[in-house]
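Enquirer: Please find one structure pasted underneath; my questions will follow.
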Amino acid sequence: MRDFDVVKEWLRYAQRDYDIALHLNESFHPLPVENICYNCQQAIEKALKGVLILMVGDYPKTHDIRELHQLCKEAGVDFTLQPSATRTLTRFATKSRYPDDVYDFTEADAEMGLKYAKQVLTQAKEVLDKTE
């Protein structure tokens with residue numbers, strides 16, 4: 001039996017991360033691109049894990065968007081993320097958090113993160129709506 005309340009909670013957390021990223025993007029100048037990217041990665045990760053809970057009842061303890069996306073595809077839900085995007089989005093999980101990690105974030109990275117976070121969240125909610 002599926003626990004829809006658990007899935008909804010995962011998607012609520014994912015939505016909150018996306019909303020934070022969107023707020024940062026709209027309210028701060030210069031843009032805190034590292035923070036935007038991190039929150040977008042978190043939104044995507046939590047949405048994918050929510051779908052995995054819905055479809056298979058569990059998820060791996062990983063931040064790897066590529067792995068989570070592949071597991072969702074195997075469970076019958078394809079978020080149509082490009083492999084290059086999944087690699088970049090995965091980097092956002094750690095490279096954005098510490099000043100000594102070398103990765104030059106750009107506004108284009110933030111735009112990509114926002115685009116994919118919105119797409120994944122929308123699709124995850126659609127999957128939940130169809131399944132409930």
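The values are calculated or read from the model by the stated rules, or taken from the named source; none is laboratory data. As the structure is a computational prediction, the values presented were derived from the model and not from experiment. Neighbour counts are summed over all protein chains in view; Cβ atoms, including those assigned to glycine, are modelled from backbone coordinates with ideal geometry. SASA here: full protein model, heavy atoms, side chains in, ligands and nucleic acids out. Shrake-Rupley method; radii C 1.70, N 1.55, O 1.52, S 1.80 Å.
Enquirer: Within the bounds of the range 62-76, is there any residue that is assigned to a loop (DSSP other than H, G, I, E, B) and among the basic types (Lys, Arg)?
Expert: The answer is no; no qualifying residue exists.
Enquirer: Can you name every residue in the range 106-117 that is under 15 Å from Leu24 (Cα atoms) and either modelled with pLDDT of 95 or more or touching a Cys at 6+ places or on another chain (Cβ under 7 Å) (or both)? Spell out the reasoning first.
Expert: As a first pass, look at the range 106-117 and keep what is under 15 Å from Leu24 (Cα atoms): 106-115, 117.
Answer for the range 106-117, where residues must be under 15 Å from Leu24 (Cα atoms) and either modelled with pLDDT of 95 or more or touching a Cys at 6+ places or on another chain (Cβ under 7 Å) (or both): Glu107, Ala108, Asp109, Ala110, Glu111, Met112, Gly113, Leu114, Lys115, Ala117.
Enquirer: Within the range 103-130, take every residue that is more than 12 Å from the chain's Cα centre (by Cα) and open to solvent by less than 40 Å² (accessible area, probe 1.4 Å) and give me the one that is nearest to Arg12 (Cα to Cα).
Expert: Filtering the range 103-130 down to residues more than 12 Å from the chain's Cα centre (by Cα) leaves 103-111, 125-130.
Now restrict to residues that are open to solvent by less than 40 Å² (accessible area, probe 1.4 Å): 105, 109-110, 127-128.
Values: Phe105: 27, Asp109: 24, Ala110: 21, Val127: 14, Leu128: 12 Å.
Within the range 103-130, the match that is nearest to Arg12 (Cα to Cα) is Leu128.
Enquirer: Within the range 63-78, which residues are under 12 Å from Leu52 (Cβ atoms) and out of contact with any Asp or Glu (no Cβ under 8 Å at 6 or more places or on another chain)?
Expert: Filtering the range 63-78 for residues under 12 Å from Leu52 (Cβ atoms) gives 67-77.
Selection gives Glu67, His69, Gln70, Leu71, Lys73, Glu74, Ala75, Gly76, Val77.
Enquirer: Quick check on the range 22-35. Is at least one of its residues under 15 Å from the mean Cα position of the chain (by Cα), buried (at least 19 other Cβ atoms within 10 Å of the Cβ), in a helix (DSSP H, G or I) and of a type outside the set (Asp, Glu)?
Expert: no
Enquirer: Considering each residue of the range 110-132, count those that are over 19 Å from Asp19 (Cβ atoms) and either touching a residue at least 24 places away in the same chain (Cβ under 8 Å) or touching a strand residue (DSSP E or B) at 6+ places or on another chain (Cβ under 8 Å) (or both), and give that number.
Expert: Initially, the range 110-132 is screened for residues over 19 Å from Asp19 (Cβ atoms), giving 127, 129-132.
Next, from what is left, pick out any that are either touching a residue at least 24 places away in the same chain (Cβ under 8 Å) or touching a strand residue (DSSP E or B) at 6+ places or on another chain (Cβ under 8 Å) (or both): 127, 131-132.
Total meeting the criteria: 3.
Enquirer: List, please: which pairs have Cβ atoms under 8 Å, are six or more places apart or on different chains, and start with a residue in the range 6-19 that is at pLDDT 95 or above and among the polar types (S, T, N, Q) and end with one that is open to solvent by less than 80 Å² (accessible area, probe 1.4 Å) and assigned to a helix (DSSP H, G or I)?
Expert: Gln15/Ala43; Gln15/Leu121
Enquirer: Arg97 fails exactly one of the following numbered conditions: (1) part of a helix (DSSP H, G or I); (2) surrounded by fewer than 14 Cβ atoms within 10 Å (Cβ to Cβ). What is the number of that condition?
Expert: Exception for Arg97: condition (1).
Enquirer: Sticking with this one: How many of the residues in the range 36-65 are over 17 Å from Leu114 (Cβ atoms) and within 11 Å of the chain's Cα centre (by Cα)?
Expert: The initial filter retains those residues of the range 36-65 that are over 17 Å from Leu114 (Cβ atoms), namely 49-64.
Next cut, within 11 Å of the chain's Cα centre (by Cα) only: 49-50, 63-64.
Summing the residues that are over 17 Å from Leu114 (Cβ atoms) and within 11 Å of the chain's Cα centre (by Cα) in the range 36-65 gives 4.
Enquirer: If a residue must be open to solvent by 20 Å² or more (accessible area, probe 1.4 Å) and under 14 Å from Lys125 (Cβ atoms), how many such residues does the range 1-15 contain? Please lay out each step first, then the result.
Expert: Looking only at the range 1-15, we keep the residues that are open to solvent by 20 Å² or more (accessible area, probe 1.4 Å), and these are 1-6, 8-10, 12-13, 15.
From the residues that got through so far, the ones that are under 14 Å from Lys125 (Cβ atoms) too are 4, 8-10, 12-13, 15.
Qualifying residue count for the region: 7.
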